[in-house]
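Participant: One structure follows; several queries about it will come next.
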Amino acid sequence: MPRPLDGELAVVTGAGKGIGEAIAVALADAGARVAVTSRRAEDAERVASALGAGHAGVGMDVSSSTAVAAAVGVIVDALGEPTVLVNNAGVNRIGPAETYADDDWELVVNTNLTGVFRACRAFGSRMLVAGRGTIVNVASIIGPVVGMPGRAAYAASKGGVVGLTRTLGVEWAGRGVRVNAVLPGPVLTPMVHDAIGRGIVDQADVVGRTPAGRFALPEDVARAVVLLCSADAGFVTGQTLVVDGGYTAYGAAHPGATITKAAE
Ligand code: NAP
């Protein structure tokens, strides 16, 4: 039976663990060959080898234009011309804005925003020559949709990713390259799972605030990415898809407050 991404070659950044790993698995399940990339080559190789033959793991640090250019060469030599790019690599440093350090700001913005631009430029330019390709950027609800204390740099970077997505979407729409973004709410990655275990994140708070009644799993984000990459989304570009189980649409005063007195 044909699969939605048969014949595609997908590159995923930051795919050594967490959401990126789930995206690599989902793209492979949908028929794509996958260049699994991450900051550390060994993480990328571990994920790629679990996917099996036809996939490859390549070290790629998105915080360096030189490193991205080198990885493009390795991927093209090993697998061919990429037709799908998923910009997932991201970091966060949490702290009050009034004392936030320059180094933390530089790290977060350079990785989350400039890193996305570097990869879009490096792979997108090749897609434009080929006249076809699709890019999905993993942003966040934090920044484009909601504010969250302590996350000034993260929110600025993710808001920037949405602006970049819309701009590239319209700049490249007539040349066969689509560019969209997914905006996840809180996702139960191994790191968040660990934070719950250590009492840093209150699972009940997040679940209670989410109309769907559970945390998002990495696979929920991965399925949305596959949808945007597929021909079913062939006329969708420059758009954002929130993946949050209703978290940002929820307007009640507190969890469970679904019926107002006025409606009685
Ligand atoms: P994660 O578990 O920390 O994984 C991030 C991955 O990105 C790691 O493999 C990491 O490698 C890699 N990475 C970091 N800096 C990199 C760089 N300079 N170059 C290449 N790779 C780099 O994070 P996650 O929770 O899966 O998040 C993935 C994406 O989803 C991020 O963009 C994040 O902002 C976004 N997101 C996450 C959530 C959530 O609740 N988890 C919600 C909304 C959006 P190392 O291990 O070597 O650092």
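Participant: Give the residues of the stretch 4-63 that are in a strand (DSSP E or B) and within 24 Å of Ala216 (Cα to Cα), sorted by residue number.
Facilitator: Selection gives Ala10, Val11, Val12, Val34, Val36, Thr37, Ser38.
Participant: Here are the criteria: (1) without any contact (Cβ under 8 Å) to a residue 60 or more places away in the chain; (2) in contact with a Leu (Cβ under 9 Å, 6 or more places away or on another chain). Tell me which single one Leu79 does not satisfy.
Facilitator: (1)
Participant: Just the residues that are buried (at least 20 other Cβ atoms within 10 Å of the Cβ), more than 12 Å from the ligand (Cβ to nearest atom) and either at pLDDT below 95 or outside any helix (DSSP H, G or I) (or both), please, taken from the stretch 131-155.
Facilitator: Correct list: Gly133, Thr134, Ile135.
Participant: Could I ask something else about it? Against the condition assigned to a helix (DSSP H, G or I) and surrounded by fewer than 20 Cβ atoms within 10 Å (Cβ to Cβ), how does Leu241 come out, does it pass?
Facilitator: No: the conditions fail for Leu241.
Participant: Okay, moving on. Can you tell me which residues in the stretch 64-85 are part of a helix (DSSP H, G or I) and over 24 Å from Tyr154 (Cβ atoms)?
Facilitator: Across the stretch 64-85, the qualifying residues are Thr66, Ala69, Ala70, Ala71, Val72, Gly73, Val74, Ile75, Val76, Asp77, Ala78, Leu79.
Participant: For the subset of the stretch 180-207 comprising residues that are without any contact (Cβ under 8 Å) to a residue 24 or more places away in the chain and in contact with a Phe, Trp or Tyr (Cβ under 8 Å, 6 or more places away or on another chain), which member is farthest from Thr237 (Cα to Cα)?
Facilitator: So, considering only residues that are without any contact (Cβ under 8 Å) to a residue 24 or more places away in the chain and in contact with a Phe, Trp or Tyr (Cβ under 8 Å, 6 or more places away or on another chain), the one farthest from Thr237 (Cα to Cα) is Gln203.
Participant: Also, I was wondering about something else. Only one of (1) within 18 Å of Val108 (Cβ to Cβ); (2) out of contact with any Leu (no Cβ under 7 Å at 6 or more places or on another chain); (3) assigned to a loop (DSSP other than H, G, I, E, B) fails for Val201. Which number is that?
Facilitator: All conditions are met except number (1).
Participant: In the stretch 86-107, what count of residues is obtained for those that are outside any helix (DSSP H, G or I), within 13 Å of the ligand (Cβ to nearest atom) and either surrounded by fewer than 20 Cβ atoms within 10 Å (Cβ to Cβ) or hydrophobic (A, V, I, L, M, F, W, C) (or both)?
Facilitator: Looking only at that region, the number is 6.
Participant: From the list Leu164, Leu168, Leu128, which one is away from the ligand (no atom under 16 Å from the Cβ) and either at pLDDT below 95 or surrounded by fewer than 23 Cβ atoms within 10 Å (Cβ to Cβ) (or both)?
Facilitator: Leu128
Participant: Filter the stretch 175-225 down to the residues that are under 30 Å from Gly133 (Cα atoms) and among the small types (Gly, Ala, Ser), then identify the one that is surrounded by the fewest Cβ atoms within 10 Å (Cβ to Cβ).
Facilitator: Gly176
Participant: Filter the stretch 104-130 down to residues that are within 16 Å of Ala10 (Cα to Cα) and touching a residue at least 24 places away in the same chain (Cβ under 8 Å), then give me how many there are.
Facilitator: 10
Participant: I need every pair where a residue in the stretch 57-70 that is more than 20 Å from Asn112 (Cβ to Cβ) and among the hydrophobic types (A, V, I, L, M, F, W, C) has its Cβ under 7 Å from the Cβ of a residue that is assigned to a helix (DSSP H, G or I) and more than 12 Å from the ligand (Cβ to nearest atom), sequence separation at least 6 or different chains.
Facilitator: The qualifying pairs are Val58/Val74; Val58/Ile75.
Participant: Within the stretch 160-198, work out how many residues are assigned to a helix (DSSP H, G or I) and over 18 Å from the mean Cα position of the chain (by Cα).
Facilitator: Total satisfying the criteria: 11.
The values are calculated or read from the model by the stated rules, or taken from the named source; none is laboratory data. Because the structure is predicted, anything quoted here is derived from the model rather than measured. Glycine also receives a Cβ, built like all others from the backbone with ideal geometry; neighbour counts cover every protein chain displayed.
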